[in-house]
């Protein structure tokens, strides 16, 4: 996750540096990286990585529990599977994802900062100085506030697909795949909705 | 005449077009050891699952310990579920828990016993 976010920062900086250099607008690389990473890229990339690793593991875990009849056993003992299996996963992910997004913000900006230094000779001090001026905390919050929503979608889809697993091993693979594909789609769709919402609200 | 524990009447189960149980009836009395024989896929497990509320038959009536499990409210279902024990085909231990935790899980969820007392009960059970 750290490496992915770092590379995203690197890529944005590289692509941006080439274009901005033509206009002699080197310093604007800071705005570009700061805002794009915190608002959009870090939340999205983090959610996609988490959908790949946690969403799939949720589906596989619950699917295996279904095959070993653990879920049936829970029901005969009157343990509600939703309370014992779904709710803890949802809550855990809703806490963890915003924190991971914050971490991705830091690493992503760091990646961009290194490239700015290498490509555009923008020193770290200049970069950070400019960052303090242009990066409103609202951009950071907008990115982080998306976290719980993405987490809810990923956990819900992961668990739901897990419960759909039928009594053969093949279906675990099938539903894990479906779960990840669905989760990534929903995350991106949700992000699009957020973009529209924030645009309408003018933030 | 001893007490009737499980009473199933005219159970019909179908999976789509497949008719699995065609008006099956059975009565199991207290202390009786009852065996179900049948080929693979003939519906033995399904019949058992219907007894323990994991699967709903298409029609018929099921009584377990005098309770009609097809029309039972949640409170009664919970009471009933605390009275029975089920051993599943593949064991169905909770794989995320240790053996000791598996033994103690009902005590932990349904009683207010302190943790160390549960541990003691569990260790008595294991050593025995």
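No lab work stands behind these numbers, since they all come straight from the coordinates. Since this is a predicted model, take the numbers as computed values, not measurements. For neighbour counting, all protein chains shown are included, and Cβ atoms are generated from backbone atoms with ideal geometry for every residue, glycine included.
One table, with the values for the structure above:
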quantity: Distance between modelled label sites at residue B:95 and residue A:82, nm, 7 Å Cα→Cβ extension; calculated: 2.5 nm
quantity: Stokes-Einstein D for chain A, Kirkwood Rh over Cα pairs, 20 °C, 1.002 mPa s (µm²/s); calculated: 117 µm²/s
quantity: Angle in degrees between helix A:87-120 and the longest Cα principal axis of chain A, rounded to the nearest 10; calculated: 20 degrees
quantity: Calculated SAXS-style log₁₀ I(q)/I(0) at q = 0.12, 0.25, 0.26 Å⁻¹ - region B:10-81, Debye, Cα scatterers; calculated: -0.34, -1.28, -1.33
quantity: Shielding by other protein chains, B:99-110, mean Cβ within 10 Å; calculated: 1
quantity: Residue A:134/residue B:68 FRET efficiency (R0 45 Å; Cβ-Cβ; nearest 0.05); calculated: 0.05
quantity: Coordinate range along principal axes, alpha carbons of region B:38-117, Å, largest first; calculated: 47, 31, 17
quantity: Spin-label pair residue A:64/residue A:1, simplified geometry with 7 Å Cα→Cβ offset, distance in nm; calculated: 2.1 nm
quantity: Near-label residues of region B:42-63 by backbone N, under 19 Å of a point 7 Å along Cα→Cβ of residue B:77; calculated: B:46-63
quantity: Gyration tensor (Cα) of region A:57-130, equivalent ellipsoid semi-axes in angstrom; calculated: 48, 13, 4
quantity: Contour excess over end-to-end distance, with Cα ends at residue B:25 and residue B:123 and 0.36 nm allotted per residue; calculated: 31.1 nm
quantity: Likely footprinting exposure, A:40, B:17, fewest C-beta neighbours within 10 Å first; calculated: B:17, A:40
quantity: For region A:1-111: Kirkwood Rh in Å [reciprocal of mean 1/r, alpha carbons]; calculated: 16.3 Å
quantity: Ranked list, fewest to most other Cβ atoms within 10 Å of each Cβ, for A:141, B:84; calculated: A:141, B:84
quantity: Peptide B:29-41 - average C-beta neighbours from other chains (10 Å radius); calculated: 0
quantity: Length-normalised contact order for chain A - Cα pairs under 8 Å, 6+ apart - percent; calculated: 37 percent
quantity: Fully extended contour minus Cα-Cα distance, from residue A:203 to residue A:118, at 0.36 nm per residue; calculated: 27.3 nm
quantity: Cα-only Debye scattering, region A:117-160: base-10 log of I(q)/I(0) at q = 0.19 Å⁻¹; calculated: -0.69
quantity: Relative contact order (%) - criterion: Cα under 8 Å, at least six apart; region: chain B; calculated: 20 percent
quantity: Per-pair calculated FRET efficiency, R0 = 41 Å: residue A:145 and residue B:112 via Cβ, rounded to 0.05; calculated: 0.55
quantity: Rg over Rh [alpha-carbon atoms, Kirkwood Rh] for region A:149-203; calculated: 1.19
quantity: Rg/Rg_ref, region A:109-203, where Rg_ref = 2.2 N^0.38 Å and atoms are Cα; calculated: 1.60
quantity: Footprinting exposure proxy for B:55, A:139, B:23 (fewest neighbouring C-beta atoms within 10 Å first); calculated: B:23, B:55, A:139
quantity: Shielding by other protein chains, A:63-74, mean Cβ within 10 Å; calculated: 5
